[in-house]
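Colleague: Sharing a structure here in structure tokens format.
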Amino acid sequence: MYNDILTMCWSIREVNKNLGDRDTMTDYSVGYLKKACSDLSVMLTSGGADLEEEIEVVDRTGETKRFTLREVAEMLSDAKKIIEFNLIDHVDQWARNRSEDTS
């Protein structure tokens, strides 16, 4: 499960990073990002993780906040929240930590 989440986070970051380079692909890329974030949300909620476990995030102002996995999964459908809380990187770090814990 964690490796799938890590792969999805990587894919989202790569598509987002290259979005500005491909004007003709913008609609496709935005559609892909929305679906990928939706898929990531499903991975978080159906993967057997404790949905009440909290992830610590830092917003744009540098303020630290804590959200449950359930809340993070819901926020993955809101582009503003994804950007505001840098959710992809925080989910990636959470999955990386969990992956190391189970190794």
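Laboratory data are not the source of any read-out in this text; all were calculated from the coordinates shown. Keep in mind that what you see is a predicted model, and the values were worked out from it rather than measured. When we count neighbours, we look across all protein chains shown, and the Cβ atoms used for this are built from the backbone with ideal geometry, even at glycine.
Colleague: Take the Cα radius of gyration of the chain and divide it by 2.2 N^0.38 Å, with N its residue count; two decimals is plenty.
Modeller: Its radius of gyration relative to the 2.2 N^0.38 Å reference: 1.07.
Colleague: Grab the Cα-Cα distance for residue 70 and residue 56, subtract it from 0.36 nm times how many residues apart they are, and report the gain in nm with one decimal.
Modeller: Full-extension gain reported as 3.7 nm.
Colleague: Could you tally the net charge around residue 68, taking each other residue with its Cβ under 13 Å from the Cβ of residue 68, Lys/Arg +1 and Asp/Glu -1?
Modeller: -4
Colleague: Based on Cβ point charges of +1 for Lys and Arg and -1 for Asp and Glu, what charge dipole magnitude is obtained for the chain about its Cα centre, in debye rounded to the nearest 20?
Modeller: I would put it at about 280 debye.
Colleague: Please list, in chain and number order, the residues 5+ apart from residue 86 or on another chain whose amide H is under 5 Å from its amide H, with Hs placed from the backbone.
Modeller: none
Colleague: Between beta-carbons, use under 14 Å as the cut-off and find the net charge around residue 77, counting Lys and Arg +1, Asp and Glu -1.
Modeller: 0
Colleague: For residue 34, give me every one of the lysines with a C-alpha distance below 17 angstrom, ignoring sequence neighbours fewer than eight places off in its own chain.
Modeller: Hits, sequence-local ones excluded: 17, 80, 81.
Colleague: Let me ask you something else. Of 64, 5, 77, which is farthest towards the positive pole of the chain's charge dipole, taken about the Cα centre with +1 and -1 on the beta-carbons of Lys, Arg and Asp, Glu respectively?
Modeller: Positive-end residue among those listed: 77.
Colleague: Can you pull the one-decimal nm distance between simple spin-label points at residue 80 and residue 102, each 7 Å off the Cα toward Cβ?
Modeller: 3.5 nm
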